[in-house]
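Take a look at the structure below.
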Amino acid sequence: MLRENLQEVEKRIQEACARAGRDRSEVTLVSVSKTKPVEMLQEAYDLGVRVFGENKVQEIRDKYDALPKDIEWHMIGHLQTNKVKYIVDKVKLIHSVDSLRLAEIIEKEAEKHNRSVDILLEVNVAEETSKFGLKTVEVIPFAEKIAQFPHINMRGLMTIAPFVDDPEKNRTIFRDLHKLYVDIKEKNIDNGTVSILSMGMTNDYEVAIEEGATMVRIGTGIFGARNYSV
Ligand SMILES: *Cc1c(COP(=O)(O)O)cnc(C)c1O
């Protein structure tokens, strides 16, 4: 099942890139493996997957220890400040920075480990009350502040679009975030390190790619439905 799912997702990514006149190499696939057992991640690894997305600190720690060390782990979920220390040396990218307090703690922990950490700012474009993330108007002032942090590289923006029946309904959200991303790139805020626009999930990644996503986060489409009751 995994092999076929990966092939299907790959095919659709290529088709979306073609429709948008983009090169396939502009889009990174993050395979979202949250809740899935290590054996299934190993199977995906054996099929060539190297970029995994997780949303729980404990799960990243466990899976990091159990799986090959050339995997790129991406933290895509809400991150509590008191847990930053457990993953700061394990993750390649944190997609979900949404407060100055969190950025300060990441800076502090990164300094302790003598490394710099790549992060994205999470933007709640639709301003849904149920979701984390900065408001669109807050993003540029926030980015200017954290550009001063020596151990944080602000690499771009991330959003979780609303859950909708028709992915076309999210097109304007992706377009708006792309516009903000281009603005930030042009302002050259963090020494030109901005090159990632993380948007699009199983239900809407093709539209997100058409609107400029450079990273899509796909769980269900690769690993199947999640079971949260176990
Ligand atoms: C779970 C999750 C995904 C993947 O969702 P699917 O609909 O299963 O593709 C992507 N991004 C974030 C932040 C998630 O928490």
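Of note:
- Sparse-neighbour loop sites [trypsin sites (Lys or Arg not before Pro); the range 96-161; at most 15 other C-beta within 10 Å; DSSP]: Arg115, Lys135
- Accessible-area value, Tyr64, 1.4 Å probe, nucleic acids and ligands omitted, Å²: 60 Å²
- Per residue accessible area in Å² of the range 1-48, where ligands, DNA and RNA are left out and the probe is 1.4 Å: 55 Å²
- Rounded if a/c under 1.5, otherwise prolate or oblate - the range 1-125, Cα gyration tensor axes: oblate
- Distance (nanometres) between label positions extended 7 Å along Cα→Cβ at Phe163 and Gln42: 3.2 nm
- Label-to-label distance for Lys90 and Lys112 is 1.5 nm, based on points extended 7 Å past Cα in the beta-carbon direction.
- Temperature 37 °C, viscosity 0.692 mPa s: under these conditions the Stokes-Einstein estimate for the range 95-230, based on its Kirkwood radius over C-alpha pairs, is 211 µm² per second.
- Cα gyration tensor shape for the chain, rounded if a/c is under 1.5, else prolate or oblate: oblate
- Oblate is the label for the range 64-161. Its Cα gyration tensor axes, ordered a ≥ b ≥ c, give a/c of at least 1.5 and b/c at or above a/b.
- Working note: 222 nm ellipticity from helices only, DSSP H runs with n ≥ 4, each -39,500 (n - 2.57), summed and divided by the residues of the chain, gives -11500 deg cm²/dmol to the nearest 500.
- Relative contact order (%) - the chain, alpha-carbon pairs under 8 angstrom, separation at least six: 21 percent
- With R₀ set to 25 Å, the beta-carbon distance separating Ser99 from Glu127 gives a calculated FRET efficiency near 0.95.
- For the range 93-194: relative contact order, % (alpha-carbon pairs under 8 angstrom, 6 or more apart): 28 percent
- On the beta carbon distance between Val137 and Lys83, with R0 = 22 Å, the FRET formula returns roughly 0.15.
- Relative to the Cα centre, the charge distribution of the chain, modelled as +1 at Lys and Arg Cβ and -1 at Asp and Glu Cβ, gives a dipole magnitude of about 420 debye.
- Portion, in percent, of the accessible area of the range 185-230 that falls on carbon or sulfur, probe 1.4 Å: 47 percent
- Under 26 Å from the Cα of Lys179 - lysines, other chains or at least 8 residues apart: Lys92, Lys131, Lys135, Lys145, Lys169, Lys187
- Length gained on full extension, Val182 to Arg226, computed as 0.36 nm times the residue gap minus the Cα-Cα distance: 12.4 nm.
- The alpha carbon radius of gyration of the range 37-86, expressed as a multiple of 2.2 N^0.38 Å, is 1.15.
- Straight-distance crosslink candidates among lysines, where the alpha carbon sits under 21 Å from Lys90 and sequence neighbours closer than 8 are dropped: Lys34, Lys36, Lys56, Lys63, Lys69, Lys108, Lys112
The values are calculated or read from the model by the stated rules, or taken from the named source; none is laboratory data. Everything numeric here is computed off the predicted structure, so don't read it as measured data. Reconstructed Cβ throughout: ideal geometry from the backbone, glycine too, with neighbour counts over all protein chains shown. Remember, those area values only see protein heavy atoms, side chains included, never the ligands or the DNA or RNA. Shrake-Rupley method; radii C 1.70, N 1.55, O 1.52, S 1.80 Å.
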